[in-house]
Amino acid sequence: MQEQITFYCRNCKKSLKIAYNMTGREDAPVMPSIQIKCHHCKRVMVLKHFTEKNLTEGVTDSKYYI
């Protein structure tokens, strides 16, 4: 079974309602050129030059705070 990581807003700690299934490749790009907007605080984030290695380093309990 693949690991699934859900994204949360770093400012308001609310779920962004986006999940990412890990591929197992550390150099795989993670959602390049996608804008993510928090529904609660209206903050907009873009994952630039972001790989699965960066994602796995910051994960706690299958949650990643952007």
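See the values below:
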| quantity | calculated |
| --- | --- |
| The chain: calculated mean residue ellipticity at 222 nm from DSSP helix runs of at least 4, using -39500 (n - 2.57) | -2000 deg cm²/dmol |
| Share, in percent, of DSSP beta bridges within the chain that are antiparallel, nearest 5 | 75 percent |
| Within straight-line cross-link reach of residue 17, lysines at Cα separation under 19 Å, skipping those fewer than 8 residues along the same chain | 37, 42, 63 |
| Check: the chain dipole with +1 on Lys, Arg Cβ and -1 on Asp, Glu Cβ, in debye | 540 debye |
| Under 17 Å from residue 14, Cα to Cα: aspartates and glutamates that are on another chain or at least 8 residues apart | 61 |
| Along each principal axis, Cα extent of the chain, largest first, Å | 32, 25, 17 |
| Whole-number accessible area per residue in Å² for the chain, which is evaluated in the context of all protein chains at 1.4 Å | 71 Å² |
| Nonlocal amide H pairs with residue 18, under 5 Å, H built at 1.01 Å | 7 |
| Accessible surface of the chain [probe 1.4 Å, protein heavy atoms]: carbon and sulfur percent | 48 percent |
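The values are calculated or read from the model by the stated rules, or taken from the named source; none is laboratory data. What you are looking at is a predicted structure, and each value in this text was computed from that prediction instead of being measured. With ideal geometry, Cβ positions are generated from the backbone for all residues, glycine too; neighbour counts draw on all protein chains shown. These area figures cover heavy atoms from the full protein model, side chains too; ligands, DNA and RNA do not enter into them. Shrake-Rupley method; radii C 1.70, N 1.55, O 1.52, S 1.80 Å.
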